[in-house]
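Working notes for the structure below.
The values are calculated or read from the model by the stated rules, or taken from the named source; none is laboratory data. Owing to the predicted nature of the structure, the values given are computational and were not obtained by experimental measurement. Neighbour counts run over all protein chains shown; Cβ positions are idealised from the backbone, glycine included.
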Amino acid sequence: MQGLRYAIVGIVGCTLLLPLFAQRAQLPTKGRRQEKSAPRQYKAIRVLPRRGQSAADMRFPERAPTEYQLSLRQSAAPRRATSEDRVRPLLRRSTDSFSPIPPLQTRAEPTTNPLPKPNQDPIELPTFAYPAEPNLTASVPNRWEVTMPEPRRYEDGKLDAIYARNRWWDPFNRNRLKGDLPIFGRKYFLNITALSDTVAEGRRLPLPTVASAASSNDYKFFGRGGQFALRESFRVSFDFFKGSAGFRPVDFEIRITPEFNINYLLARENAITRIDVRQGYRRTDTNISLQEAFLEKRLFTNARAAFRKAKDSDDRGSARFDFTSVRFGIQRFTSDFRGFVFSDEQPGARLFGTFKNNIFQYNLAYFNLLEKDTNSGLNRWRQRNQSVYAANLYWNDFLTPGYNLNFSALYNNDQPKFHIDKNGFLVRPAPIGFPIPNKVRAGYAGISGDGHIGRFNVSHAFYQAFGRHDFNTISARPLNINAQMAAAEIAYEKDWAIYKISGFFSSGDNDITDGSARGFDAIVPNQQFAGGGFLGSNALADRGLINPLFDGGGTNFLNRQPIPLTGTGVFLFGPNSLIPNMRAGLFQGQANFVNPGIILLNAGMDAKITPKLRSTINVNYARFHRTEVLEAVLFQNSIPHPIGVDTGLGLQYRPLLSDNIVFTGGAGFLAPMSGFKNIYTGRTLLSGFVALRILF
């Protein structure tokens, strides 16, 4: 046991020192200070031969002079003045507006009469007429098809060049399959995105033995908790849209995204893979689902000009092009910056848009949730009898540029239903206490922020939950919901490293018999916080671009692993969440507002070791907010509050300097403290994973 602790301390120390030494090795001896001396001039190491003639040697051929130019030269030559010289200024004055468009057709030859005498009529000047305009037709070429001849800057074809050929398998250059060129016409595009996620993971969990243990003569309460999981997900998205998406929102869009998943689980105890112990401790499962299938249509521009009659055909209402669009079908939606309350892919309707020069962004959404597959987490073609209503408003550059604010309001209406998952376990209602089908009607009101204030990156959130739970299986009575959640993070970025500290709080219930539920729980959380979301981009979470089942996103043990609660059919912690919500099932259980809650403090660092290699480390100290619920469920007295120290390490390698190929590895260690030891054991829990992502 002591040797394992020394090993953990050594790994943590190496991870902290590795980014420091690696980055220092890349810096010059003088550091990053600006040198005062003038820069030295160096000769080129290699002069590349260019094709063709240099610009200095190029000569343009001279053209033969026209008749008009010859006439000008002859008129400029010195000659003897005649009587006609008095008339030429008058003719030149009358023909200046036509010059220099030679030749001109004349209807009459200029007169040769001598100059008129006084008191006589003036001479008659010649009249001129334009030639007939030719009947020419002009066509405007398609700007998408305008191409240049194949250029070669250097003789050596292996060297980099500015231009490159178009290839159907190349996503980096002009590609018709990636939406760079229209598939037909000038405004209709197709964007195909293919994604492959392969994850191999090992973990050790505190699992109790069952009556039919995997090994004979095993009488221990806790069995062998080792597990190995292998998952492969293949996802293809077909996105057909009209309009120039790089300049304005699309006119309409149709997207279809099927996903295929195959997963394998190897456990060391029975009744883990399935409830039937005769099935053994191995399981292989597959599933195919439709994760996105929606139609989006842009309705109008959000400007005062949109509510009046257009002045002319070019009057589009607003140069800023604030808009309102509607989307119907299975779509991805995330309610806030970090996915604290709701982040999922579900069928519904969504009205969204911007106004005030994109300073404000809003969403009004309704979702009718589908059942989830137990082992893959993908959608199934079965109604869950659960509805979610969401409304939020983003205020960009609030008070200071770079800091954004979010106001959210959500409502969860989960109807009673009896449901057994794919492996044979009861998930609704929760198999604890009095398992009677029940209804949850919970509302959420919250405010969150994300961005930077000066040199500091700031992220925070606060939610108040309220509503009614008509029958809680643990309390065995109706409850009024009154719970809170808060989170805050401050980060400082210096050169290649980001140092951050954060805190997370979810309230717990201190009395299961008082008719009030004070333990906070979310709808479908996907929390990118305090060791979660290593690969996820927080900047995209508010636009609904984080996959709620993202493999490889978290590194810390509590963020990533589901921990079953001893002696019950529920999980103390679920995946992608820091809330100890005591739900049944990973994705299919109902929200439970009778739980112990948590207080978590985090210190971490993200480092860019090289342009291709990135690392992260997070150390969390966690403790229960309340333990009265655990004491009532487990029939134990005086369960302490400390949970333990959770350490997570992660490395990400991008060999192409892009997200097309990404290797990720991580490990999490939970060193239990008195509260966790009282419920489970003092054995250190650990997990590790290796992931490969290929994106086209």
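If you take the residues in region 572-597 that are among the aliphatic types (A, V, I, L, M) and farther than 22 Å from residue 649 by Cα, which one is nearest to the chain's Cα centre (by Cα)?
Let us first name the residues in region 572-597 that are among the aliphatic types (A, V, I, L, M), namely 572, 578-579, 582, 584, 586, 591, 594.
Going one step further and asking which of them are farther than 22 Å from residue 649 by Cα, we end up with 572, 582, 584, 586, 591, 594.
Numbers: 572: 29, 582: 30, 584: 30, 586: 24, 591: 27, 594: 33 Å.
Step by step, filter region 572-597, then rank; the result is 586.
Here is a check on your reading of the model: is residue 372 touching a residue at least 24 places away in the same chain (Cβ under 8 Å), charged (D, E, K, R) and within 22 Å of residue 294 (Cβ to Cβ)?
Values: touching a residue at least 24 places away in the same chain (Cβ under 8 Å): yes; charged (D, E, K, R): yes; within 22 Å of residue 294 (Cβ to Cβ): yes.
Yes: the conditions hold for residue 372.
Among the residues of region 572-580, is there at least one that is of a type in the set (Gly, Ala, Ser) and at pLDDT 85 or above? Full working, then the answer.
From region 572-580, those of a type in the set (Gly, Ala, Ser) are 574, 577; that's our starting set.
Okay, now just the ones that are also at pLDDT 85 or above, so 574, 577.
Yes, region 572-580 contains a residue that is of a type in the set (Gly, Ala, Ser) and at pLDDT 85 or above.
Would you point out which residue out of 305, 271 is modelled with pLDDT under 90 and farther than 30 Å from residue 201 by Cβ?
Values: 271 fails: farther than 30 Å from residue 201 by Cβ.
One residue alone meets the criteria, 305.
Which ones in region 369-395 are surrounded by fewer than 19 Cβ atoms within 10 Å (Cβ to Cβ) and within 30 Å of residue 358 (Cβ to Cβ)?
389, 391, 393, 395
Just to verify a result, which residue in region 485-498, among those that are in contact (Cβ under 8 Å) with a residue 40 or more places away in the chain and more than 24 Å from residue 633 (Cβ to Cβ), is surrounded by the fewest Cβ atoms within 10 Å (Cβ to Cβ)? If you could, list the steps in order and put the result at the bottom.
Filtering region 485-498 down to residues in contact (Cβ under 8 Å) with a residue 40 or more places away in the chain leaves 485, 487, 489, 495-498.
Then drop every residue that is not more than 24 Å from residue 633 (Cβ to Cβ), which leaves 487, 489, 495-498.
Values: 487: 23, 489: 21, 495: 10, 496: 18, 497: 16, 498: 16.
By that ranking, first place goes to 495.
Has region 246-256 got any residue that is under 30 Å from residue 567 (Cα atoms) and not charged (D, E, K, R)? If you could, list the steps in order and put the result at the bottom.
Initial filter on region 246-256 (under 30 Å from residue 567 (Cα atoms)): none.
Checked against the condition, which is being under 30 Å from residue 567 (Cα atoms) and not charged (D, E, K, R), region 246-256 yields no hits at all.
Quick test for you: out of 315, 285, 336, pick the one residue that is part of a strand (DSSP E or B) and either among the acidic types (Asp, Glu) or at pLDDT 95 or above (or both).
Numbers: 315 fails: part of a strand (DSSP E or B); 336 fails: part of a strand (DSSP E or B).
The conditions single out 285.
Out of (1) closer than 21 Å to residue 299 by Cα; (2) surrounded by fewer than 19 Cβ atoms within 10 Å (Cβ to Cβ); (3) modelled with pLDDT of 80 or more; (4) among the hydrophobic types (A, V, I, L, M, F, W, C), the odd one out for residue 238 is which?
In the conditions (1) closer than 21 Å to residue 299 by Cα; (2) surrounded by fewer than 19 Cβ atoms within 10 Å (Cβ to Cβ); (3) modelled with pLDDT of 80 or more; (4) among the hydrophobic types (A, V, I, L, M, F, W, C), residue 238 misses (1) alone.
Return the pairs, sorted by first residue and then second, in which the second residue is surrounded by fewer than 23 Cβ atoms within 10 Å (Cβ to Cβ) and among the charged types (D, E, K, R), the first residue lies in region 569-595 and is on the phi > 0 side of the Ramachandran plot, the beta carbons are less than 7 Å apart, and the residues are 6+ apart or on different chains.
Cβ pairs passing all conditions: 585/421.
In region 575-615, which residues are β-branched (Val, Ile, Thr) and in contact with a Gly (Cβ under 7 Å, 6 or more places away or on another chain)?
The initial filter retains those residues of region 575-615 that are β-branched (Val, Ile, Thr), namely 579, 594, 598-599, 609-610.
Within region 575-615, 594 is the sole residue that qualifies.
For region 608-657, name all the residues that are basic (Lys, Arg) and over 28 Å from residue 596 (Cβ atoms).
Result: 608, 612, 614, 654.
List the pairs whose first member sits in region 460-484 and is on the phi > 0 side of the Ramachandran plot, whose second member is surrounded by fewer than 17 Cβ atoms within 10 Å (Cβ to Cβ), and whose Cβ atoms are under 6 Å apart, counting only residues at least 6 apart or on separate chains?
So the pair list comes out as 467/441; 467/443; 476/434.
Would you be able to say whether some residue in region 503-522 is out of contact with any His (no Cβ under 8 Å at 6 or more places or on another chain), in a strand (DSSP E or B) and free of Cβ contacts under 8 Å to residues at least 60 places away in the same chain?
Taking region 503-522 first, the residues out of contact with any His (no Cβ under 8 Å at 6 or more places or on another chain) are 503-504, 509-516, 518-522.
Adding the requirement that they be in a strand (DSSP E or B) leaves 503-504, 516.
When the remaining residues are screened for being free of Cβ contacts under 8 Å to residues at least 60 places away in the same chain, the result is 516.
Within region 503-522 (the criterion being out of contact with any His (no Cβ under 8 Å at 6 or more places or on another chain), in a strand (DSSP E or B) and free of Cβ contacts under 8 Å to residues at least 60 places away in the same chain), the answer is yes, since at least one residue qualifies.
Yes/no per residue for (1) within 16 Å of residue 324 (Cα to Cα); (2) among the hydroxyl-bearing types (Ser, Thr, Tyr); (3) under 18 Å from the mean Cα position of the chain (by Cα):
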| position | (1), (2), (3) |
| --- | --- |
| 363 | yes, no, yes |
| 369 | no, no, no |
| 372 | no, no, no |
| 384 | no, no, no |
| 395 | no, no, no |
| 400 | no, yes, no |
| 404 | no, no, yes |
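Find the residue count for region 468-491, including only residues that are over 32 Å from the mean Cα position of the chain (by Cα) and within 11 Å of residue 593 (Cβ to Cβ).
Taking region 468-491 first, the residues over 32 Å from the mean Cα position of the chain (by Cα) are 468-482.
From what is left, the residues that are within 11 Å of residue 593 (Cβ to Cβ) are 468-469, 472, 474-475, 479-482.
Matching residues across region 468-491 total 9.
May I ask you to list the residues in region 327-348 that are basic (Lys, Arg) and surrounded by fewer than 24 Cβ atoms within 10 Å (Cβ to Cβ)? Talk me through it step by step, then tell me what you get.
Kept after step one, since they are basic (Lys, Arg), are these residues of region 327-348: 327, 332, 338.
Within region 327-348, 327, 332 qualify.
Can you tell me which residue is modelled with the lowest pLDDT among those in region 432-451 that are crowded, with 17+ Cβ neighbours inside 10 Å and over 14 Å from residue 407 (Cα atoms)? Can you show your working first?
Of all residues in region 432-451, those crowded, with 17+ Cβ neighbours inside 10 Å come to 432-433, 438, 440, 442, 444, 446, 448-451.
Add one more test, that the residue is over 14 Å from residue 407 (Cα atoms), and what stays is 432-433, 438, 440, 442, 451.
Details: 432: 90, 433: 87, 438: 92, 440: 94, 442: 96, 451: 91.
This residue is 433.
What about residue 622, is it in contact with a Lys or Arg (Cβ under 9 Å, 6 or more places away or on another chain) and either over 21 Å from residue 438 (Cβ atoms) or small (Gly, Ala, Ser) (or both)?
Details: in contact with a Lys or Arg (Cβ under 9 Å, 6 or more places away or on another chain): no; either over 21 Å from residue 438 (Cβ atoms) or small (Gly, Ala, Ser) (or both): yes.
Spelling it out, it is not the case that residue 622 is in contact with a Lys or Arg (Cβ under 9 Å, 6 or more places away or on another chain) and either over 21 Å from residue 438 (Cβ atoms) or small (Gly, Ala, Ser) (or both).
Give the residue that is nearest to residue 203 (Cα to Cα), with candidates limited to residues of region 229-254 that are among the basic types (Lys, Arg) and not in a loop (DSSP other than H, G, I, E, B).
Taking region 229-254 as the starting set, the residues that turn out to be among the basic types (Lys, Arg) are 231, 235, 242, 248.
Of the ones still in play, those that are also not in a loop (DSSP other than H, G, I, E, B) are 231, 235, 242.
Working: 231: 14, 235: 26, 242: 47 Å.
Result: 231.
For region 554-570, give me each residue that is more than 12 Å from residue 670 (Cα to Cα), among the β-branched types (Val, Ile, Thr) and in contact with a strand residue (DSSP E or B) (Cβ under 7 Å, 6 or more places away or on another chain). I'd like the intermediate steps shown before the answer.
Initial filter on region 554-570 (more than 12 Å from residue 670 (Cα to Cα)): 554, 562, 564-570.
Restricting the remaining residues to those that are among the β-branched types (Val, Ile, Thr) gives 566, 568, 570.
Within region 554-570, 566, 570 qualify.
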